[in-house]
Amino acid sequence: MSKKIILSGIQPSGQLSIGNYLGAIKNFVNYQDTYDTYYCIVDLHAITVRQNPVALKENSYALAAWYLAAGLNPEKCSIFIQSHVTEHAEMGWILSTFTQMGELERMTQFKDKANQHKQNINAGLFTYPALMAGDILLYGTDVVPTGHDQKQHIELTRDIAKRFNGIYGDILTVPEPFIPKVAARIKDLQNPLKKMSKSSDGAGTIFLNEPLKSIEKKIKRAVTDNEMNIAYDEKNQAGLANLMGIYAACENKQIEEVLPLFEGKGYGDLKKAVAEKVIEILEPMQNRYNELMNDKAELDNILKKGAEKARAKASPTLIKVKEAVGFIAPS
Ligand code: ATP
Ligand code: LTN
């Protein structure tokens, strides 16, 4: 039986955070042995917010290096740059004609980003989910692992696929989301009501390439509460719940398994344990990342092979889609 297919993508829009790692990349690694896996660096998506060209290139290499440093093996999965596989832009365009304005208007990521970038609410930012649907549907993807914030986009992708199939027959695979139980929504350490984000100002974000001392400081300064009682309560003790979520994700455990370790202890003990765990994971990853970033030729090589494998999978779907809508195939 052929393996099931996984695809996910991350924007090269800044330095990665521990939210990106625990909510997404860590799960990418778990899948690579049992699934046919495609992991994309979505530069076409990143330019929906204005990027500095030099930084965009560096961030794209950095994301490839983090994928590898986190344990993705290019022999097992395809790691590639979205713009290298031009099928994505074509598929995104076609699918935008199967996506309704009303659906796009409801997307919370669009509303958030439009609010953050009032000077540049461009059409691409609005049609972004159609391009993402293209990324997913080109590969016949069965499962899309992401953090919780992408659930709405994956649901829209499912609706687009069903709509297309309803008109033209069973051409596109309808994907399922995979959202981890723990760490799907790591919160900002300074504002535990807000998602930790790589493009925030940084005081409440742990970046993967941050000096270890600074990580320790940020965790020690994380906002908690005045209850002085360790419990797991996302509503009333959001900061504490966030720290426990980070700890549990680092340990590959559920909250119920780690809570007893901290009951009766002080907040300082929890913070110390979280800092130790995060550092234990990030230190070797940072070393590997630095080595990889010093060998761009090797990264280029991996990305080239990744794009070749990705194109081989994506191209037949695009041909079928073009045929279905009535385009004349080039002779
Ligand atoms: P940006 O700030 O540029 O919007 P981001 O940090 O939200 O970026 P994305 O590129 O949008 O990151 O997301 C990459 C992956 O990481 C997605 O699967 C997303 O769901 C996941 N992710 C992002 N932030 C978090 C978080 N705080 N907790 C868990 N998962 C997250
Ligand atoms: N929209 C996602 C990034 C993204 C993606 C994808 C995720 C683009 N294409 C395909 C999963 C599958 C984000 O902002 N995190």
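The values are calculated or read from the model by the stated rules, or taken from the named source; none is laboratory data. Owing to the predicted nature of the structure, the values given are computational and were not obtained by experimental measurement. All Cβ positions, glycine included, derive from the backbone under ideal geometry; neighbour counts span all protein chains shown. For accessibility, only protein heavy atoms count, side chains too; no ligands or nucleic acids. Shrake-Rupley method; radii C 1.70, N 1.55, O 1.52, S 1.80 Å.
Among the residues of segment 198-209 satisfying the criterion of being within 14 Å of ligand 1 (Cβ to nearest atom), assigned to a loop (DSSP other than H, G, I, E, B) and out of contact with any helix residue (DSSP H, G or I) (no Cβ under 7 Å at 6 or more places or on another chain), which is farthest from ALA46 (Cα to Cα)?
This residue is GLY204.
Filter segment 219-235 down to the residues that are closer than 14 Å to LYS194 by Cα and without any contact (Cβ under 8 Å) to a residue 12 or more places away in the chain, then identify the one that is least open to solvent (accessible area, probe 1.4 Å).
GLU234
Looking only at helices (runs of 4 or more DSSP H) that fall completely inside segment 223-330, which ones have 1 or more residues that are more than 24 Å from PHE207 (Cα to Cα) and under 24 Å from the mean Cα position of the chain (by Cα)?
The helices (runs of 4 or more DSSP H) meeting that bar are 296-325.
Checking the structure you have, find out if any residue of segment 157-178 is under 28 Å from GLN51 (Cα atoms) and more than 12 Å from the chain's Cα centre (by Cα).
Checked segment 157-178: at least one residue is under 28 Å from GLN51 (Cα atoms) and more than 12 Å from the chain's Cα centre (by Cα).
When you scan segment 142-190, how many residues do you find that are open to solvent by less than 60 Å² (accessible area, probe 1.4 Å), part of a helix (DSSP H, G or I) and within 14 Å of ligand 1 (Cβ to nearest atom)?
5
How many residues, within segment 23-41, are assigned to a helix (DSSP H, G or I) and away from ligand 2 (no atom under 14 Å from the Cβ)?
3
Given the structure, is GLY92 surrounded by 23 or more Cβ atoms within 10 Å (Cβ to Cβ), under 18 Å from the mean Cα position of the chain (by Cα) and more than 16 Å from ligand 1 (Cβ to nearest atom)?
In short, no.
Against the definition (open to solvent by less than 40 Å² (accessible area, probe 1.4 Å), closer than 23 Å to VAL85 by Cβ and not small (Gly, Ala, Ser)), how does LEU137 come out, yes or no?
Values: open to solvent by less than 40 Å² (accessible area, probe 1.4 Å): yes; closer than 23 Å to VAL85 by Cβ: yes; not small (Gly, Ala, Ser): yes.
In short, yes.
Criterion first (touching a residue at least 12 places away in the same chain (Cβ under 8 Å), touching a Cys at 6+ places or on another chain (Cβ under 7 Å) and surrounded by fewer than 19 Cβ atoms within 10 Å (Cβ to Cβ)) does LYS277 satisfy it?
It is true that LYS277 is touching a residue at least 12 places away in the same chain (Cβ under 8 Å), touching a Cys at 6+ places or on another chain (Cβ under 7 Å) and surrounded by fewer than 19 Cβ atoms within 10 Å (Cβ to Cβ).
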